[in-house]
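Colleague: Mind looking over this structure? Questions follow.
Values quoted throughout were computed directly from the atomic coordinates according to the rules given, and no laboratory measurement underlies them. Bear in mind that the values here come from a model prediction, so they are computed numbers and not experimental data. When we count neighbours, we look across all protein chains shown, and the Cβ atoms used for this are built from the backbone with ideal geometry, even at glycine.
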Amino acid sequence: MIIVKTAEEIELMRESALLVSKTLGMIAAEIKPGASGLHLDKLAEAFIRDHGGVPGFLGMYDFPNTLNISPNAQVVHGIPTDEPFQEGDIISVDCGVLKNGFYGDHAYTFEIGEVATETKKLLQVTKESLYIGIEALKIGNRVGDVGYAIQNYCESHGYGVVRELVGHGLGRDLHESPEMPNYGKRGRGKKFVEGMVVAIEPMINMGTRRIKQLKDGWTILTADGKPSAHFEHDIALIDGKPQLLSTFDYIYEALGIQSDEENPYRRVQTE
């Protein structure tokens, strides 16, 4: 069952989502050769607690850390380690926060130094597919319309779309209905309704869509060892249209990136 949020609840969720966004922006400046996942994890936990939140992933299903840090061929759910990042790595960082009784959940794949051209393209297409999916989140559409939009775009570039891991509804629980696959058929699945909040998160592989899991019980890898990219936003359906609760602005500010990609999905400010 989709749990519809009131306007007041959506504003509380915006605070949670923005704390995740600010956390990723804070660690963005620290992601460089020689840094480690455990270093980022400690910074993130302290930042979240200092700003009135609780790490959303820490202890959930017995996960041992604040961040999921997944380099290169790791898709998601990587456990932070003390292994230093290398020039040319890509690092997916997924972070959750519980604040005001609601979760925020947000992810970005970072480049470290000079990254291979074909890997840059994977990241670009994956992030573009996120917004293509968000565009399909509107009254009159269904879950399958979002999945189809993401799948069609990524597969048109020859990439593999992971099936076993999906986006989800978001609220007082980290994972609510509906599931939001990154694949699907138009016109299928649950209808979108006013006031719903979801996390859309394309997980796209350079090669095969198939995955495997490490013996740690968490880390998901591409089956062929090729890179994978992951981007995630929290979105509310307001006045029939998608509105971002999370933002990459803090990351872009830290990295000196100029972008207007979020403009169509920002809250309209009223006097």
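Colleague: Kindly indicate the residue of the range 155-192 that is of a type in the set (Lys, Arg), in contact with a Lys or Arg (Cβ under 9 Å, 6 or more places away or on another chain) and not in a strand (DSSP E or B) and also surrounded by the fewest Cβ atoms within 10 Å (Cβ to Cβ) among those meeting that condition. Spell out the reasoning first.
Modeller: Within the range 155-192, the first condition is being of a type in the set (Lys, Arg), and the residues that meet it are 163, 172, 185-186, 188, 190-191.
Next, only the ones that are in contact with a Lys or Arg (Cβ under 9 Å, 6 or more places away or on another chain) stay: 163, 186, 188, 190-191.
Still in the running and not in a strand (DSSP E or B): 163, 186, 188, 190.
Numbers: Arg163: 14, Arg186: 15, Arg188: 12, Lys190: 16.
Among residues in the range 155-192 that are of a type in the set (Lys, Arg), in contact with a Lys or Arg (Cβ under 9 Å, 6 or more places away or on another chain) and not in a strand (DSSP E or B), the one surrounded by the fewest Cβ atoms within 10 Å (Cβ to Cβ) is Arg188.
Colleague: Within the range 80-103, take every residue that is farther than 22 Å from Leu123 by Cβ and of a type in the set (A, V, I, L, M, F, W, C) and give me the one that is surrounded by the most Cβ atoms within 10 Å (Cβ to Cβ).
Modeller: Per the criteria, the residue is Val97.
Colleague: Mind counting the residues in the range 92-148 that are in contact with a Pro (Cβ under 9 Å, 6 or more places away or on another chain), hydrophobic (A, V, I, L, M, F, W, C) and within 18 Å of Asp41 (Cα to Cα)?
Modeller: Result for the range 92-148: 4.
Colleague: Follow-up question, since we're still on this one. Just give me the residues in the range 234-271 being of a type in the set (Val, Ile, Thr) and under 16 Å from Ile139 (Cα atoms), in sequence order. Break it down stepwise before answering.
Modeller: Initially, the range 234-271 is screened for residues of a type in the set (Val, Ile, Thr), giving 235, 238, 247, 251, 257, 268, 270.
Across the range 234-271, the qualifying residues are Ile235, Ile238.
Colleague: A follow-up question, please. Go through (1) within 26 Å of Gln213 (Cα to Cα); (2) in contact with an Asp or Glu (Cβ under 8 Å, 6 or more places away or on another chain); (3) surrounded by fewer than 17 Cβ atoms within 10 Å (Cβ to Cβ); (4) not hydroxyl-bearing (Ser, Thr, Tyr) one by one and return the number of the condition Ala107 breaks.
Modeller: (3)
Colleague: What's the total number of residues in the range 104-124 that are more than 13 Å from the chain's Cα centre (by Cα) and either under 18 Å from Asp216 (Cα atoms) or not in a loop (DSSP other than H, G, I, E, B) (or both)?
Modeller: Here is the first cut: in the range 104-124, the residues more than 13 Å from the chain's Cα centre (by Cα) are 111-122, 124.
If we keep only those that are either under 18 Å from Asp216 (Cα atoms) or not in a loop (DSSP other than H, G, I, E, B) (or both) as well, we get 111, 117-122, 124.
Number satisfying all stated conditions: 8.
Colleague: Still on this structure, please answer the following. For the range 45-59, which residues satisfy the criterion of being not basic (Lys, Arg) and not in a loop (DSSP other than H, G, I, E, B)?
Modeller: Residues of the range 45-59 not basic (Lys, Arg): 45-48, 50-59.
Across the range 45-59, the qualifying residues are Glu45, Ala46, Phe47, Ile48, Asp50, Val54, Pro55.
Colleague: Look at the range 3-32 and say how many of its residues are aliphatic (A, V, I, L, M), crowded, with 19+ Cβ neighbours inside 10 Å and either within 14 Å of Gly169 (Cα to Cα) or free of Cβ contacts under 8 Å to residues at least 60 places away in the same chain (or both).
Modeller: The qualifying residues number 3.
Residues checked against (1) part of a loop (DSSP other than H, G, I, E, B); (2) in contact with a His (Cβ under 6 Å, 6 or more places away or on another chain):
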position: Lys5; (1), (2): yes, no
position: Leu12; (1), (2): no, no
position: Val20; (1), (2): no, yes
position: Pro33; (1), (2): yes, no
position: Leu43; (1), (2): no, no
position: Asn65; (1), (2): yes, no
position: Val75; (1), (2): no, no
position: Gly78; (1), (2): yes, no
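Colleague: Just wondering, is there one or more residues in the range 36-59 that are more than 19 Å from the chain's Cα centre (by Cα) and under 29 Å from Arg163 (Cβ atoms)?
Modeller: Yes: the range 36-59 contains one or more residues that are more than 19 Å from the chain's Cα centre (by Cα) and under 29 Å from Arg163 (Cβ atoms).
Colleague: Limited to the range 59-77, what total is found for residues that are in contact with a Leu (Cβ under 9 Å, 6 or more places away or on another chain), within 17 Å of Glu45 (Cα to Cα) and surrounded by 17 or more Cβ atoms within 10 Å (Cβ to Cβ)?
Modeller: The total comes to 5.
Colleague: Let me ask something else. How many of the residues in the range 33-52 are buried (at least 21 other Cβ atoms within 10 Å of the Cβ) and touching an Asp or Glu at 6+ places or on another chain (Cβ under 9 Å)?
Modeller: 2
Colleague: Tally the residues that are buried (at least 19 other Cβ atoms within 10 Å of the Cβ) and farther than 22 Å from Met13 by Cβ, restricting the search to the range 220-271.
Modeller: Matching residues across the range 220-271 total 6.
Colleague: Please go through the range 193-220 and give me each residue that is free of Cβ contacts under 8 Å to residues at least 60 places away in the same chain, farther than 19 Å from Val93 by Cβ and either of a type in the set (Lys, Arg) or part of a loop (DSSP other than H, G, I, E, B) (or both), ordered by number. Let's see the steps before the verdict.
Modeller: Let us first name the residues in the range 193-220 that are free of Cβ contacts under 8 Å to residues at least 60 places away in the same chain, namely 207-210, 212-215, 217.
The next check asks that each one be farther than 19 Å from Val93 by Cβ; those that pass are 207-210, 212-213, 215, 217.
Result: Gly207, Thr208, Arg209, Arg210, Lys212, Lys215, Gly217.
Colleague: Okay, next question. Is the range 131-153 home to any residue that is over 17 Å from Glu232 (Cα atoms), surrounded by 16 or more Cβ atoms within 10 Å (Cβ to Cβ) and in contact with a Leu (Cβ under 9 Å, 6 or more places away or on another chain)?
Modeller: Yes, there is a match, as at least one residue in the range 131-153 is over 17 Å from Glu232 (Cα atoms), surrounded by 16 or more Cβ atoms within 10 Å (Cβ to Cβ) and in contact with a Leu (Cβ under 9 Å, 6 or more places away or on another chain).
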